[in-house]
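The next block holds one structure in the form of structure tokens; read it before the comments.
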Amino acid sequence: MLRSAVERQFLILGEALGRVRQLDPNLASRIADLNQAVALRNQLAHGYAEIDDAIVWGVVAGPLEQMLSELESL
């Protein structure tokens, strides 16, 4: 259940950042790891490959915290 909830949040975040990238490229350029977040969303949504739980949890523990801080400051 927790895994599904975390993956769902990444789907939402990646979709939103993908829209930012399309609508406001200048703003998108100020968000570190935006392309990686969108790519993770695409992997989760379309199942391009088996998702490695360690990678997902690594994102939760590392880059996600920095990204959320950056987004709050915009």
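Scanning segment 63-74 for residues that are loosely packed, with under 13 Cβ neighbours inside 10 Å and within 12 Å of the chain's Cα centre (by Cα) turns up Glu65, Gln66, Leu68. Among the residues of segment 1-26, write down those that are aliphatic (A, V, I, L, M) and within 20 Å of Glu65 (Cβ to Cβ). Leu2, Ala5, Val6, Leu11, Ile12, Leu13, Ala16, Leu17, Val20, listed by residue number.
Condition check ((1) of a type in the set (S, T, N, Q); (2) under 9 Å from the mean Cα position of the chain (by Cα)) across all residues:
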| site | (1), (2) |
| --- | --- |
| Glu15 | no, yes |
| Arg19 | no, no |
| Gln22 | yes, no |
| Leu34 | no, yes |
| Leu40 | no, yes |
| Asp52 | no, no |
| Val56 | no, no |
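For segment 28-44, enumerate the residues that are farther than 18 Å from Glu65 by Cα and touching a helix residue (DSSP H, G or I) at 6+ places or on another chain (Cβ under 6 Å). If the condition is that a residue be farther than 18 Å from Glu65 by Cα and touching a helix residue (DSSP H, G or I) at 6+ places or on another chain (Cβ under 6 Å), then Leu44 is the only one that fits. Candidates in segment 26-59 are the residues that are outside any helix (DSSP H, G or I) and among the charged types (D, E, K, R); of these, the one that is nearest to Gly14 (Cα to Cα) is Asp33.
Any read-out appearing in this document is the output of simple, stated calculations on the displayed coordinates, not a laboratory observation. None of these values were measured; they are calculated from a predicted model. Reconstructed Cβ throughout: ideal geometry from the backbone, glycine too, with neighbour counts over all protein chains shown.
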